[in-house]
Amino acid sequence: MRTHPSPWDLALYAGRDLGLWQRMRMAAHLLRCSACRDEAASLRAAREQVRERSHQLPANLDWDRLSREMRANIRLGLTAGALVENAREDQFLEEPAGWRLAVVLGSVAFVALAGWLLQAPRPAGPQTPEMSRIVLDARPDGVAVEQQGATLTLLNPEKQTVTTTVGWDGSARASFLDDATGQVTIHNVSAQ
């Protein structure tokens with residue numbers, strides 16, 4: 001052990017309640033550490049004193065009265081347990097089963113309605129004229145945006161294309177590398 005054991009582990013060791021491997025590690029530590037060894041010895045001594053005193057009964061102990069109290073407590077516990085159990089059974093029997101059926105049928109109806117609404121064909125929205133479409137094009141020499149017959153092209157003809165991508169979200173991106181300077185130019189265009 002690199003550190004001292006906790007007081008709980010020492011107490012468990014003194015009471016012989018540690019597992020085999022923990023007990024062996026603790027014994028190895030106690031061989032090296034006199035402070036922990038003394039603490040374990042004092043815990044063993046305290047345990048033995050408690051054990052010796054537990055065999056001595058108090059002088060004024062009335063066994064009949066103690067026996068009556070214990071029987072009364074046991075009967076009280078059994079009666080309370082029976083009442084709680086009967087209350088649970090009575091509650092289950094008194095509640096109408098109709099509400100359970102209504103909850104199940106309502107849940108099934110909700111799921112069926114949601115499925116129908118999600119699967120129902122939807123009318124097509126208004127068609128956009130061909131002229132209002134936006135077309136993004138990522139080319140080897142740049143990025144182009146076309147709309148209503150006009151085209152805007154961002155060109156980098158002298159530079160080497162590193163990557164050219166078109167995204168599902170309506171964006172086009174092109175990265176170019178200038179061989180002479182090592183500079184990277186990025187064109188990122190989004191259609192809205």
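No value in this document is a laboratory result; all are computed from the given coordinates. What you see is a predicted model; the values in this text were computed from it and never measured. Every residue, glycine as well, gets a Cβ built from its backbone with ideal geometry; the counts of neighbours run over all protein chains shown.
Quick one: putting +1 on the C-beta of Lys and Arg, -1 on the C-beta of Asp and Glu, what dipole do you get for the stretch 7-54 around its Cα centre, in Debye to the nearest 20? Charge dipole, the stretch 7-54, about its Cα centre: 120 debye, nearest 20.
Full-extension gain between Ala80 and Ala180, please, as 0.36 nm times their residue separation minus the C-alpha to C-alpha distance. Please list the in-between numbers first.
Values: separation 100, 0.36 × 100 = 36.00 nm, distance 9.10 nm.
Residue separation times 0.36 nm, minus the Cα-Cα distance, leaves 26.9 nm.
Do you know the relative contact order of the stretch 7-54, to the nearest whole percent, from alpha carbon pairs under 8 angstrom that are 6+ apart? Please report the intermediate quantities before stating the final value.
Working: 20 pairs, mean separation 21.8, N = 48.
Relative contact order of the stretch 7-54: 45 percent.
For the stretch 7-54, the gyration tensor built on C-alpha atoms gives an oblate shape. Its axis ratio a/c (a ≥ b ≥ c) is at least 1.5, and a/b is not larger than b/c.
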